[in-house]
């Protein structure tokens, strides 16, 4: 006649478990957050009804603890406390030898909370079991009274007050053991029905009772129907279970109304059950969508983590891209319970893979920069040792070779790059400026010698002087062009390049002019001959 209804306390626990599953994803909590959740649970007034939530927190804590210990290089096993270890747990913590694990304190703190909760829960269960057993005895006694009232009928005017008292005491008696619930309830309802069937002797009392029962059941129907408008579907479902318990405690109604009133109550029950089922189907559908979205983000990170990356700029840009993906991940709700932990582990593994490669790459890059630093320091020291040399040709060639080597060496730490370049350039400039000054001085002496020499001595022809100037200018242009390649490494490089390029262009123009003068002299000498 009635739909399958479980005891209220069992329904409440199952509903609480479903709600906790939907609203909390313990796998993404830190060890500290899980400890705080356990602390909060142990201090709540309804903590004894939240034992499955406590188990979920414990499972997530020890799984994360085991993983983080492994990542930190600890090989100490992680042992979750179970029923046997809780029973044997001592109030004192055993002394430990060797270095203390950084996880020891938080593990000990969590274990202490959990063990204390389990002890309290065990005591609570013992008390509840004892109370249910006592309630069972009371209800069995009430059934015996009702049975006697049915099997030994008396004046209905005397029987009805006794019957009312039996009903009141039945409703006031608390829950019985779950395995006895159906049997004891069905037996009680059987004798209630028999009692009403025997009340033909006094129809007035029976009809009055039927009327009261009809009014009470009609009120339950109205309350059940009103629940369909409740925005909180889960709370409405819980309230419906309580209405079913009240329905069972009420006696029968007149036969002509029994099917009608039950169908009304059953219809209201069906509406709430469908809303309740639809509510969680919607949640499941959203979780499926969330799973697809999270799997797509996993694929993105996995693709990025598999790329060949060759520069620090690429690493930094991709790091920002992954951080943006992680922010997007946090905005997505939970996936299905079965897949949520798996997809989270997959996502974290892809992120870890990328950042581990980045750390390794930067470590290798740092080593290479330090090696480059040593190479450039060696070049600087050699250039500084040559800065005061007067062996113009050999030293010029060597410094030009050192400048080529400098260009071929890779990057050095940014903080030292400018300083090293200035030091090397100073050494090179010092030599080439000294060489240029010596060249100009020698040129001046040569110019003075033809003017002051004995005119009887043969003088160097103008063509020879032009060739000397041409050769000197060629060397000067070579120096300029070699130096201009280094300006890209320093600040204000564009302005310096422009100035140096003007010198090169002017020198090349002068070189062409000298070339024309030499050709003209050669033609004059040819005509004279």
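Here, each number is a calculation from the coordinates, and none is a lab measurement. A quick note: this is a predicted structure, and the numbers were derived from the prediction, not measured.
Set the Cα radius of gyration of segment 240-341 against 2.2 N^0.38 Å, with N its number of residues, and you get 2.08. Seen from a random direction on average, the alpha-carbon convex hull of segment 290-363 projects onto 4.5 square nanometres. Once C-alpha pairs closer than 8 Å and six or more residues apart are averaged by separation and normalised to the residue number of segment 290-363, the relative contact order reads 56 percent.
Do you know the relative contact order of the chain, to the nearest whole percent, from alpha carbon pairs under 8 angstrom that are 6+ apart? Could you put the intermediate results ahead of the total?
Working: 348 pairs, mean separation 52.5, N = 529.
Once normalised by length, the contact order is 10 percent.
Could you calculate, for segment 279-421, the ratio of the Cα radius of gyration to the Kirkwood radius, expressed as Rg to Rh? We get a ratio of 1.34 for segment 279-421.
Its residue count N fixes a reference of 2.2 N^0.38 Å for the chain, and the Cα radius of gyration divided by that reference is 2.03.
Here is how the number arises for the chain: DSSP H runs of 4 or more residues each give -39500 (n - 2.57), the sum is divided by the residue count, and the result at 222 nm is -28000 deg cm²/dmol. What is the distance in Å between the Cα centres of segment 249-263 and segment 164-219? Value for the Cα centre distance between the two parts: 12 Å.
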